[in-house]
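For reference, the structure is listed below as structure tokens.
The values are calculated or read from the model by the stated rules, or taken from the named source; none is laboratory data. Treat the numbers as computed from the prediction; the structure is a model and nothing was measured. FYI the Cβ positions are ideal-geometry reconstructions off the backbone, even for glycines, and counts take in every protein chain you see.
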């Protein structure tokens, strides 16, 4: 009798393991939308509303997920930088490691805005493990988008997990890890450098994102304001 109970238990656990989805620092719930609002530090200026929607989730034989996500940024009292949403794909491994191709996403957004140009991209893969802990150093990211002999680069350096923190934002309360990065964007006659702190929660992804000028002055704060479930 006891042997039969143990076998039944093991069978159930095996079935659950086979159907369970990996959980990383990214949303993988099909149909879920996350709405973010970006403001100046004193809330005197509303920069934009950014809505991320999980359009599709496909599971591979190795247990990993291919996640199709669309981003729709609507600036306050301004023309959107891109008409409509930008749709990209991310890869969530079975162990919870999330891969996001930053250069590919930037090239897709640029193509939607300037359809006459042929944009190419290389590099720019962001990797974040579900097991990330304070003190961990993350790989640097070098992304390149090129067109008509012009090159636009995005570099993320000095990347590290600085702490764990439970925070409350308009969209709820979340247990997060906090990633610090130095972001540098360059192109002909253009240079933009910022220090950023980003809060990530398992199963959701970004919860809060603060940007600072190199001299320490805060520029913006973007927070999760709402979640719509399917």
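Observations, loosely collected:
- Taking the criterion of being within 23 Å of residue 64 (Cβ to Cβ) and either surrounded by 21 or more Cβ atoms within 10 Å (Cβ to Cβ) or under 16 Å from the mean Cα position of the chain (by Cα) (or both), the residues of the range 122-145 that qualify are 124, 125, 126, 127, 128, 129, 130, 132, 138, 139, 141, 143.
- Only one entry in 53, 88, 97 is closer than 28 Å to residue 29 by Cβ, touching a helix residue (DSSP H, G or I) at 6+ places or on another chain (Cβ under 7 Å) and surrounded by 17 or more Cβ atoms within 10 Å (Cβ to Cβ), namely 88.
- Residue selected from the range 102-113 under the condition touching a residue at least 24 places away in the same chain (Cβ under 8 Å) and over 16 Å from residue 52 (Cα atoms), by the criterion surrounded by the fewest Cβ atoms within 10 Å (Cβ to Cβ): 113
- Failed item, numbered, when residue 221 is tested on (1) modelled with pLDDT of 95 or more; (2) closer than 21 Å to residue 91 by Cα; (3) crowded, with 17+ Cβ neighbours inside 10 Å: (2)
- In the range 1-115, counting only strands (runs of 3 or more DSSP E) that sit wholly within it, the ones holding 1 or more residues that are at pLDDT below 95 span 46-59, 65-75, 86-92, 98-101.
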